[in-house]
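The values are calculated or read from the model by the stated rules, or taken from the named source; none is laboratory data. No experiment lies behind these values; they were computed from the predicted model shown. Heads up, the Cβs are rebuilt from the backbone with ideal geometry, glycines too, and the neighbour counts pull from every protein chain shown.
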Amino acid sequence: AQSVAQPEDQVNVAEGNPLTVKCTYSVSGNPYLFWYVQYPNRGLQFLLKYITGDNLVKGSYGFEAEFNKSQTSFHLKKPSALVSDSALYFCAVRGSGNTGKLIFGQGTTLQVKP
Amino acid sequence: EPEVTQTPSHQVTQMGQEVILRCVPISNHLYFYWYRQILGQKVEFLVSFYNNEISEKSEIFDDQFSVERPDGSNFTLKIRSTKLEDSAMYFCASSAVLAGPGANVLTFGAGSRLTVL
C-alpha cells in the first residue's frame, strides 16, 4: 500500500536560515509525490509535486523538494526561511488505483523564529 | 483564482442528528473528494467521486456517510446519525485531471468544522 512518513512532528528554524522538512515514501510503482501547506483555520494549499523528470522540483513561495529514489525520500527545502512560512506541512503520495486520491503523512509543524 | 467553497464553516450538532456539509468544487473539475482531519491529527481520505458515483471509499466511510452531487455544481457529504467521534474538520477537494501536467493536484476548500455534542 502507498504511504508516506514524516519523521518530525516539529521543525524549528531561525528566520533567514535554510529549512528542511523530511518525508519518506513507500509505493508500488512510480511515485507521484506532493507537498501541501496548511495555515491555521485554512484548507490545504498545494506547494509542489513530483511525477517525473528532474529530481529537484521548484514550487510556490520559494520552496523546492528533492526526489531521491534510492533513499525513497522527498524532502521539502527552502534556502532562507521566513516567519510567514510557519505552518503545518503535509507530504502526500498518490494512492493506488485510479481515483486520484492522495494519502497524507501526519504533518510537520514548521516554526520559524525571528 | 478559482477556489473550492465549503459551507458551513462551523456546525455544532447534537449526537444522533443528521448533518449535511456542502461544497462547490471548481467548475471544470471532474474528480471530487472528502477528507477528514481530527484535531491535531493527519488528514484522512474518506471518499472519492467521479462521473456521479463513488469511485473509492475508505474504512471510515461507513453506512452513516453518503455523498451526492444533486445539481451538477454542489457536492455534499451527509452524516446520517452523528457520533461524538465524528467531530473533525471536513475538507472537500476537487481535481481536474488524473494524468498530464496537472495530474492529481487537488484543490482544497477551507473546511467545515463539525462539533458533535
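Being crowded, with 20+ Cβ neighbours inside 10 Å and more than 10 Å from chain B (Cβ to nearest Cβ): is that true of residue A:81 here? Give the steps one after another, and end with the answer.
On the way: crowded, with 20+ Cβ neighbours inside 10 Å: yes; more than 10 Å from chain B (Cβ to nearest Cβ): yes.
Yes: the conditions hold for residue A:81.
Could you pull out the residue among A:74, A:90 that is within 11 Å of chain B (Cβ to nearest Cβ) and either modelled with pLDDT of 95 or more or outside any helix (DSSP H, G or I) (or both)? Even if it seems obvious, please write down each step before you answer.
Working: A:74 fails: within 11 Å of chain B (Cβ to nearest Cβ).
Every option except A:90 fails the conditions.
Go through the range B:8-29 residue by residue and tally those that are among the hydroxyl-bearing types (Ser, Thr, Tyr) and more than 22 Å from residue B:85 (Cβ to Cβ).
Start the filter on the range B:8-29 by keeping residues that are among the hydroxyl-bearing types (Ser, Thr, Tyr), which leaves B:9, B:13, B:27.
Checking the rest, the ones that are also more than 22 Å from residue B:85 (Cβ to Cβ) come to B:27.
So the count comes out to 1.
Only one of B:81, B:66 is surrounded by fewer than 15 Cβ atoms within 10 Å (Cβ to Cβ), outside any loop (DSSP other than H, G, I, E, B) and away from chain A (no Cβ under 13 Å). Can you tell me which? Show your work before the answer.
Numbers: B:81 fails: outside any loop (DSSP other than H, G, I, E, B).
Exactly one residue qualifies, and that residue is B:66.
Out of (1) more than 10 Å from chain B (Cβ to nearest Cβ); (2) at pLDDT 95 or above; (3) over 16 Å from residue A:12 (Cβ atoms), what's the single condition that is false for residue A:53?
Unmet for residue A:53, out of (1) more than 10 Å from chain B (Cβ to nearest Cβ); (2) at pLDDT 95 or above; (3) over 16 Å from residue A:12 (Cβ atoms): (2).
Of all residues in the range A:12-63, which are of a type in the set (Asp, Glu) and over 18 Å from residue B:103 (Cα atoms)?
Of the residues in the range A:12-63, the ones of a type in the set (Asp, Glu) are A:15, A:54.
Of everything in the range A:12-63, just one residue is of a type in the set (Asp, Glu) and over 18 Å from residue B:103 (Cα atoms), namely A:15.
Pull out all pairs, ordered by first then second residue, where Cβ-Cβ is under 7 Å, the residues are six or more apart or on different chains, the first lies in the range A:51-67 and is farther than 18 Å from residue A:81 by Cα, and the second is in a strand (DSSP E or B) and of a type in the set (Ser, Thr, Tyr).
A:67/A:50
Just to be sure I understand the filter: pairs with C-beta atoms under 7 Å, separated by 6 or more residues or on different chains, first member in the range A:85-114 and within 18 Å of residue A:60 (Cα to Cα), second member modelled with pLDDT under 95 and among the hydroxyl-bearing types (Ser, Thr, Tyr). Which pairs pass?
Short answer, once both residue conditions are applied: A:87/A:39.
Say we look at the range A:51-60 and pick out the residues that are within 13 Å of the chain's Cα centre (by Cα) and surrounded by fewer than 19 Cβ atoms within 10 Å (Cβ to Cβ); which of these is farthest from residue B:5 (Cα to Cα)?
Initially, the range A:51-60 is screened for residues within 13 Å of the chain's Cα centre (by Cα), giving A:56-60.
Retained after the next criterion (residues that are surrounded by fewer than 19 Cβ atoms within 10 Å (Cβ to Cβ)): A:56, A:58-60.
Values: A:56: 32, A:58: 27, A:59: 24, A:60: 22 Å.
Out of the qualifying residues, it is A:56.
Of the numbered conditions (1) more than 30 Å from residue A:52 (Cβ to Cβ); (2) more than 14 Å from every other protein chain (Cβ to nearest Cβ), residue B:28 fails exactly one; give the number of that condition.
Unmet condition: (1).
Restricting the range A:24-50 to residues that are surrounded by fewer than 18 Cβ atoms within 10 Å (Cβ to Cβ) and more than 8 Å from chain B (Cβ to nearest Cβ), which is farthest from residue A:5 (Cα to Cα)?
Among them, the one singled out is A:40.
Could you tell me whether any residue of the range A:92-104 is more than 25 Å from residue B:29 (Cβ to Cβ), surrounded by 18 or more Cβ atoms within 10 Å (Cβ to Cβ) and of a type in the set (A, V, I, L, M)?
Looking only at the range A:92-104, we keep the residues that are more than 25 Å from residue B:29 (Cβ to Cβ), and these are none.
Taking every residue of the range A:92-104 in turn, none turns out to be more than 25 Å from residue B:29 (Cβ to Cβ), surrounded by 18 or more Cβ atoms within 10 Å (Cβ to Cβ) and of a type in the set (A, V, I, L, M).
Of all the residues that make up the range A:93-114, how many are in a loop (DSSP other than H, G, I, E, B) and away from chain B (no Cβ under 14 Å)? Write out each step before concluding.
Residues of the range A:93-114 that are in a loop (DSSP other than H, G, I, E, B), as a first pass: A:95-101, A:105-107, A:114.
Going one step further and asking which of them are away from chain B (no Cβ under 14 Å), we end up with A:114.
The number of residues fulfilling the criteria is 1.
When both residues are 6+ apart or on different chains and their Cβ atoms are under 6 Å apart, which pairs have a first residue that lies in the range A:26-49 and is in a loop (DSSP other than H, G, I, E, B), and a second that is modelled with pLDDT under 95 and loosely packed, with under 14 Cβ neighbours inside 10 Å?
That search, which allows pairs on different chains as well, returns nothing.
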